[in-house]
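Peer 1: Pasting in a structure now, in structure tokens, and then I'll have a few things to ask.
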Amino acid sequence: MFNDKDIRVELATSEELYKAAKAVRKQVFVKEQGIPEDKEFDGNDFCSAHVVAYIQKRHRKLPIGTMRIRFFSDFVKFERMAVTRNFRKTNVAADIMQYGFDYAAQKGYRKIYGMCKQELLARWQRCGYHEIEGADKIEQNGMTLIPICCDIPQNPRALTMVSEPSLLTAKEGHWYDPPQKEKEFSKIENVFMKLKRLKQQYLNY
């Protein structure tokens with residue numbers, strides 16, 4: 001069994017997580033939906049960002065969802081979202097989408113482009129999307145897809161050319177993570193505080 005706290009969402013910044021994203025898509029799109037593998041893995045994976053949801057089980061990451069993000073001049077495109085069968089009635093898809101919103105906003109984007117099946121348009125509209133006026137519908141893999149757009153709020157900490165150099169050289173998607181030294185200091189500080197409490201409890205310090 002698991003709960004929402006067991007589920008983690010992050011950007012694929014390692015070979016392990018990149019392979020996890022591909023594994024989810026192969027399971028959902030290739031095996032379940034019958035999309036040819038050469039069409040699913042179209043070459044754009046090598047110039048995209050990949051969001052991955054997984055469950056941490058001991059030292060192993062069990063991938064359960066993913067989404068691909070591609071970047072254009074003034075918008076980003078969310079695509080190839082997939083969630084494994086056992087997790088489709090959970091918040092995994094929403095968590096992946098929210099991560100994508102936050103990530104795009106940190107990079108300074110305000111508009112998200114996507115495509116949805118015609119029969120799922122109302123569902124996406126409830127998520128804040130709207131049809132793109134004048135955009136043509138797309139026939140793809142036997143489906144009719146409608147171009148949709150979502151406007152996201154401006155992030156006051158969005159990265160710019162005058163952002164701190166340390167942010168512009170940080171690991172992608174981890175710009176505002178605490179520096180490692182601060183993390184290590186925090187661990188040492190916690191140990192120190194525990195020792196202090198033990199002294200107070202047993203030695204009346």
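The values are calculated or read from the model by the stated rules, or taken from the named source; none is laboratory data. From a predicted model like this one, the values you see are computed outputs, not experimental measurements. For neighbour counting, all protein chains shown are included, and Cβ atoms are generated from backbone atoms with ideal geometry for every residue, glycine included.
Peer 1: What residue, of ILE132, ILE148, ILE188, is modelled with pLDDT under 85 and among the β-branched types (Val, Ile, Thr)?
Peer 2: Matching residue, one of ILE132, ILE148, ILE188: ILE188.
Peer 1: Out of PHE72, PHE78, which single residue is aromatic (Phe, Trp, Tyr), under 16 Å from the mean Cα position of the chain (by Cα) and closer than 30 Å to GLY108 by Cβ?
Peer 2: On the way: PHE72 fails: under 16 Å from the mean Cα position of the chain (by Cα).
Matching residue, one of PHE72, PHE78: PHE78.
Peer 1: Still on this structure: In the range 21-44, how many are of a type outside the set (S, T, N, Q) and in contact with a strand residue (DSSP E or B) (Cβ under 7 Å, 6 or more places away or on another chain)?
Peer 2: 6
Peer 1: Search the range 72-91 for residues that are without any contact (Cβ under 8 Å) to a residue 12 or more places away in the chain and pair each with any residue that is among the aromatic types (Phe, Trp, Tyr) when their beta-carbon atoms are under 6 Å apart and the residues are at least 6 apart or on different chains.
Peer 2: Short answer, once both residue conditions are applied: none.
Peer 1: If you don't mind, there's one more thing I want to ask. Would you say PHE78 is within 27 Å of ALA170 (Cα to Cα) and touching a Lys or Arg at 6+ places or on another chain (Cβ under 9 Å)?
Peer 2: So PHE78 fits the description; yes.
Peer 1: Among the residues of the range 32-39, is there at least one that is in the same structural domain as ALA93 (by TED's automatic domain parsing), of a type outside the set (Ser, Thr, Tyr), touching a Pro at 6+ places or on another chain (Cβ under 6 Å) and outside any loop (DSSP other than H, G, I, E, B)? Write out each step before concluding.
Peer 2: Pass one, the range 32-39, residues in the same structural domain as ALA93 (by TED's automatic domain parsing): 32-39.
Filter once more, so that each one left must be of a type outside the set (Ser, Thr, Tyr): 32-39.
Checking the rest, the ones that are also touching a Pro at 6+ places or on another chain (Cβ under 6 Å) come to none.
No, the range 32-39 contains no residue that is in the same structural domain as ALA93 (by TED's automatic domain parsing), of a type outside the set (Ser, Thr, Tyr), touching a Pro at 6+ places or on another chain (Cβ under 6 Å) and outside any loop (DSSP other than H, G, I, E, B).
Peer 1: Determine which single condition THR144 fails, assuming it passes every other condition in (1) without any contact (Cβ under 8 Å) to a residue 40 or more places away in the chain; (2) within 21 Å of GLU16 (Cβ to Cβ); (3) surrounded by fewer than 17 Cβ atoms within 10 Å (Cβ to Cβ).
Peer 2: Against the list (1) without any contact (Cβ under 8 Å) to a residue 40 or more places away in the chain; (2) within 21 Å of GLU16 (Cβ to Cβ); (3) surrounded by fewer than 17 Cβ atoms within 10 Å (Cβ to Cβ), THR144 comes up short only on (2).
Peer 1: Return the only residue of GLY173, GLY108 being in contact with a helix residue (DSSP H, G or I) (Cβ under 8 Å, 6 or more places away or on another chain), touching a residue at least 40 places away in the same chain (Cβ under 8 Å) and not hydroxyl-bearing (Ser, Thr, Tyr).
Peer 2: GLY173
Peer 1: Another question about this same structure. Based on what the data block shows, is TYR54 among the aromatic types (Phe, Trp, Tyr) and either part of a strand (DSSP E or B) or in contact with a helix residue (DSSP H, G or I) (Cβ under 6 Å, 6 or more places away or on another chain) (or both)?
Peer 2: Values: among the aromatic types (Phe, Trp, Tyr): yes; either part of a strand (DSSP E or B) or in contact with a helix residue (DSSP H, G or I) (Cβ under 6 Å, 6 or more places away or on another chain) (or both): yes.
Taking the combined requirement at face value, the residue satisfies it.
Peer 1: Quick check: anything in the range 71-91 of a type in the set (Lys, Arg) and touching a helix residue (DSSP H, G or I) at 6+ places or on another chain (Cβ under 7 Å)?
Peer 2: If we filter the range 71-91 for residues that are of a type in the set (Lys, Arg), which is where we start, we get 77, 80, 85, 88-89.
Filter again for touching a helix residue (DSSP H, G or I) at 6+ places or on another chain (Cβ under 7 Å), leaving 80.
Yes, there is a match, as at least one residue in the range 71-91 is of a type in the set (Lys, Arg) and touching a helix residue (DSSP H, G or I) at 6+ places or on another chain (Cβ under 7 Å).
Peer 1: Right, another one. Residue check: is GLU133 surrounded by fewer than 16 Cβ atoms within 10 Å (Cβ to Cβ), over 27 Å from SER163 (Cβ atoms) and of a type in the set (Asp, Glu)?
Peer 2: Yes, satisfied.
Peer 1: Further question on the same structure: For the condition surrounded by 13 or more Cβ atoms within 10 Å (Cβ to Cβ), without any contact (Cβ under 8 Å) to a residue 60 or more places away in the chain and in contact with a strand residue (DSSP E or B) (Cβ under 9 Å, 6 or more places away or on another chain), what is the one hit in GLU10, GLU16?
Peer 2: Exactly one residue qualifies, and that residue is GLU16.
Peer 1: Within the range 83-93, which residues are over 15 Å from LEU11 (Cα atoms) and not in a loop (DSSP other than H, G, I, E, B)?
Peer 2: Filtering the range 83-93 down to residues over 15 Å from LEU11 (Cα atoms) leaves 83-91.
Passing the criteria: VAL83, ARG85, ASN86, PHE87.
Peer 1: So for the range 46-67 (the condition being crowded, with 18+ Cβ neighbours inside 10 Å, farther than 24 Å from CYS149 by Cβ and either aromatic (Phe, Trp, Tyr) or free of Cβ contacts under 8 Å to residues at least 24 places away in the same chain (or both)), does at least one residue qualify?
Peer 2: The answer is yes; a qualifying residue exists.
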